[in-house]
Structure formats: structure tokens, C-alpha cells
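Participant: To start, I am sharing the structure in question, which I have written as C-alpha cells.
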Amino acid sequence: MNGDPWFQGLFADRVGGANYGKGTEIYKFEKIKRAKRAVMSDHPERTLLDFGIGENDDMADLLVRDVAKREIDKLENRGYADNGIAAFKEAAAGFMKKVFGVTLNAETEVLHAIGSKPALAMLPAAFINPGDVTLMTVPGYPVAGTHTKYYGGKVHELPLREENGFYPDLDGIPAEVRKKAKLLVINYPNSPTGAVATREFYKRVIEFAQANQIIIIQDAAHILLSYGDPPLSFLQMDGAKEVGVEIHSMSKGFNMIGWRMAFVAGHPKIVQAYADVKDNSDSGQFMAIQQAAKAALDHPEIGERTRAKYHRRLKKLVDVLNRVGFQAKMPGGTYFLYVKAPTGCGDLSFKNAEDASQFLINQQSVICVPWDNAGPYLRFSVTYLAKDENEEDALMTETANRLGKLPMRF
Ligand SMILES: Cc1ncc(COP(=O)(O)O)c(C=O)c1O
């Protein structure tokens, strides 16, 4: 076709086949970007109140950065790291013991990842044959599902509804789906709902895994941002290590998003299979960064500071959103507030959360992320840039003023 490269017909079906790159669908983050650009040009006098950012606003702790600076200059760190250095694996096992009381064999039950995203991308390669099913909660982080489909597998979605405490309805999964399912991917503290797991929930998950022979992948990316009760690791539960793995990320709790470090921990045979896929996909994270991540894991109190900051910010935002009509509650974890979207404003009715979020951007330059796959909800993130508490408070006052002007209906 006109303008197509000679290889247009060669693209694999998994990325769209011969139609690759021709889709007209605009994804929600692109829609937000476009609306942001438009409102900045229409209202240059109005600063953006950006609650749409899903990344930490601080850099890594000085202690961690100092270790990285030193380690970069060491000759022994120059090469391929393959499946990771022992010092990091031992630090990860030590962290799991110190923070969660979980005992892991550093040699066989822990392995690093270049962020939890690639770990979630690689695990389906070890288990999914064409026709197999991965059970994925929605709304959620879709990477393991995308890769399941790349391997010819299918995704069965489990909606997280408020009335179920944002837990999936495992009993409601049809028998024929359970038979074909090999993986159940869960994520607690949950992004974006902010729900945290209870022991009772994890117990049910383990029973479900045993009864149906399904492997559990628990994504603990936000675990250090747990409020209320101390953070709960899936691996603290009896039988958890028998049925799966938990993935821990350095990104959120340690402000190390761009450093790309995480680890997979749990059943040694699953860790080994992940290691084999990984060995054929990358050559490990730069050893200087692994050493810096080791230093962070040796100091879990760094995570405590991150937690305290986002806890403070979330409390302020809950208060502001409730003052303007939302029904916001402190989440159990994460740096997100997940609230029911308004159904309209004045004479206007919103079709869904996406409609509502576009309205808030256009009318008041307030940015948040809409989710519509288990009811219409908006996600407000407290990772906005503010250099001190005065700036935070000024931003909250401005948010209350702008949203307070809108006669929203809920
Ligand atoms: C639930 C969840 N899992 C995984 C990730 C990926 O994190 P990482 O930086 O460790 O790849 C994110 C990042 O936003 C996330 O929210």
C-alpha cells in the first residue's frame, strides 16, 4: 500500500500483522497528553494541577547515590552481570527477613530483575503454551497479560470491584477457565485501587492455587507504601512459597524508578525457570546499580521516609476531594487515590470516567487518570512536584478552589 515499507506484510499478528502502525485508536494516556497540551495553550495563565503522574517525584536517597558513584569507578563492575551478583541476592533475602520475617535461600529463591516490568513480561514465557489462560485483575498493570497473548495464550479478566473490597471473585471463575488457567497475577497493595491484601484473602488465594493447580504471581511493587497495618508479604503466608512467587520493586518505596531494579522471590523451581528465560533475554543490571540497590535494601528505613511522605500527601488530598463532593477514603497502600468519577457537572452528563477526566482537564487544568474497566473511577496520584509542605498546602488550596467551582454530581 501507498507509503508502506516493503516489509509491512511481515509484521507478526501479535503486534497487528499487516495493519501494524495503522490503528486509529487513541490510548488514554495519549488523550490526556493532547488535552494537557491544548489547555496549556488555551489557558497559559493557569498552572496545571497534575495528579496524573504515576512516578515518584524524588530521587534516590543520598546513601544510595553515593554507593552508585563509588561503584561506577570499580573495574570489577564493568562486565556482564548475567543473573545477578550474590551480594544483591543476599541483601534481598536479608530485606525480606528484616521487614517481613520471611526466610529465603538467597542462592535459589531470589533473583534480580531489571525492574518488575521485565519480570512480569518474562514469567509467562516459562508457563504459557498456546491456549493456556492467565487470570489478570482489572484495572491493573497489564504486562503479564500482554506477554501471555504474545505466546498464544488468553487472558481472563477478573474485575476488582469496590463492593468486594477490590479483591477478585475467585469462586466466580468458570470451571472451564480454571481448567485452562496456569497463572493468576495479583497485585497488592493494588494499583490503582489502593487496596491492601489481608491474611484471609491470601489464604483463599493459596487454597485456590492448590485446588486448581494454578501458579500465583503476586506483584508487590508498592509494598513499602502500606498504610495502617505493617506491610504484608504474600510469602509470609504458610504455603505461599509452594504455589508461587512475589515480585518486589526498588522503584516506588526507594525512589529508584529509573534505576531498574527488582527481584523475584519464592518457589525455587519458578525462580529457576524465570532465570532461564531471563538469561536468554538480558545480561543483568549493571553491577554498580545492583550494589546501590543492595545498599538500599540494607536500609529499609529509607522506604519508611517515602511512605511517611506519601501518607501525609494522601491524607491532604482525601480531605480536599471530600470537600468538593468526591467520596474519597485513605487507601491501604500505593500513592494513588481511586475515587468514583462524577456522573456530571451542571447540565452536562459524563458517559464514563474518561469523559469526566477530559472535562476536569479542559475546565480547570486538573489532571487525573480515568479507569473504566470495573466502573467509572478516577485515579489521583500524590507524586506531584512540591519542594516542601508549604508548596504542598498551596497546591491543595488551589485544587480545592478550582474543583469547588464546578457543580459536580456524583
Ligand atoms: C502494579 C505495578 N507493577 C509493576 C510496575 C513496574 O514497576 P518497575 O519500575 O519495578 O518495573 C508498576 C509501575 O508503575 C506498577 O504500578
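Participant: Enumerate the amide H contacts of ILE215 below 5 Å, restricted to partners 5 or more residues apart or on another chain; note that Pro and chain-start residues carry no placed amide H.
Facilitator: Excluding prolines and chain starts, which carry no amide H, the hits are LEU183, LEU184.
Participant: For the chain, with the dipole built from +1 on Lys and Arg beta-carbon atoms and -1 on Asp and Glu ones, taken about the Cα centre, which of LEU158, ALA275, VAL264 lies farthest toward the positive end?
Facilitator: Positive-most Cα among the choices belongs to LEU158.
Participant: So what J values fall out for the range 89-98 if you push phi through Karplus, 6.51 cos²θ - 1.76 cosθ + 1.60 with θ = phi - 60°, rounded to Hz, Gly and Pro as x?
Facilitator: For the range 89-98, the Karplus curve yields 4, 5, 5, 5, 5, x, 5, 5, 6, 5 Hz.
Participant: In debye, nearest 20: dipole of the range 62-298 around its Cα centre with unit charges on the Cβ of K, R (+) and D, E (-)?
Facilitator: Around 320 debye, computed over the range 62-298.
Participant: Using a Gaussian network model on the chain with a 10 Å cutoff between Cα atoms, which of GLY228, GLY172, GLY16 fluctuates the most?
Facilitator: It is GLY16.
Participant: Can you compute the helix-only [θ] at 222 nm over the chain? Use -39500 (n - 2.57) per DSSP H run of at least 4 residues, normalise by all residues, nearest 500 deg cm²/dmol.
Facilitator: Numbers: 13 runs with 159 residues, N = 410.
Helix contribution divided over all residues of the chain: -12000 deg cm²/dmol.
Participant: While we're looking at this one, here's another question. Compute the Cα gyration tensor for the chain, then decide on rounded, prolate or oblate, letting a ≥ b ≥ c be the square roots of its eigenvalues: rounded whenever a/c is under 1.5, prolate when a/b is larger than b/c in the other cases, and oblate in all that remain.
Facilitator: Cα axes put the chain in the rounded bin.
Participant: Moving to a separate point now. Between the DSSP loop rule and a limit of at most 12 other Cβ atoms within 10 Å, which chymotrypsin sites (Phe, Trp or Tyr not before Pro) in the range 56-163 are left?
Facilitator: In loop regions of the range 56-163 (DSSP not H, G, I, E or B), the sparsely surrounded chymotrypsin sites (Phe, Trp or Tyr not before Pro) are TYR80.
Participant: Roughly how far apart, in whole Å, are the Cα centres of the range 243-320 and the range 45-81?
Facilitator: That distance is 13 Å.
Participant: Give me, ordered by chain and number, the residues 5 or more places off ASN373 or on other chains with an amide H under 5 Å from its own placed amide H.
Facilitator: none
Participant: Report the trypsin sites (Lys or Arg not before Pro) located in the range 326-408 that are in a DSSP loop and have at most 15 other Cβ atoms inside 10 Å of their Cβ, or state none.
Facilitator: Here the sparse-neighbourhood loop sites are LYS329, LYS351, LYS387, LYS405.
Participant: Same structure, new question: Give me the percent of the accessible area of the chain that comes from carbon and sulfur atoms, probe 1.4 Å, all protein chains in place.
Facilitator: On the way: 9700 of 19030 Å².
In the chain, the share of accessible area belonging to carbon and sulfur is 51 percent.
Participant: Can you tell which of PHE234, ASN187, VAL138 lies farthest toward the positive end of the dipole of the chain, using +1 and -1 charges on the Cβ of basic and acidic side chains (Lys, Arg; Asp, Glu)?
Facilitator: Final value for the positive-end residue is VAL138.
Participant: Sticking with this structure for a sec: Could you give the Stokes-Einstein D for the range 62-298 in µm² per second, using the C-alpha Kirkwood radius, 25 °C, 0.890 mPa s?
Facilitator: In µm²/s, the coefficient is 136.
Participant: GluC sites (Glu not before Pro) within the range 58-134: which are DSSP loop residues with at most 16 other Cβ atoms inside 10 Å? Intermediate results must be reported in sequence, preceding the final value.
Facilitator: On the way: sites: GLU71, GLU76, GLU90, GLU107, GLU109; in loops: GLU107, GLU109.
Hits after loop and neighbour filter: GLU107.
Participant: Can you list the residues, at least 5 places off or on another chain, whose amide H is less than 5 Å from the amide H of ARG409, using H built in the peptide plane?
Facilitator: Amide H neighbours of ARG409, under 5 Å, 5+ apart: THR343, GLY344, CYS345, GLY346.
Participant: Here is a follow-up. Counting only DSSP beta bridges with both residues in the chain, tell me the antiparallel percent, nearest 5.
Facilitator: 50
Participant: Taking the Cα centre as origin and putting +1 on Lys and Arg beta-carbons and -1 on Asp and Glu beta-carbons, what dipole magnitude results for the chain, to the nearest 20 debye?
Facilitator: Values: 50 positive and 50 negative charges, 92 e Å.
It works out to roughly 440 debye.
The values are calculated or read from the model by the stated rules, or taken from the named source; none is laboratory data. Owing to the predicted nature of the structure, the values given are computational and were not obtained by experimental measurement. All Cβ positions, glycine included, derive from the backbone under ideal geometry; neighbour counts span all protein chains shown. We work out accessible area using only protein heavy atoms, side chains counted, and drop any ligands, DNA or RNA first. Shrake-Rupley method; radii C 1.70, N 1.55, O 1.52, S 1.80 Å.
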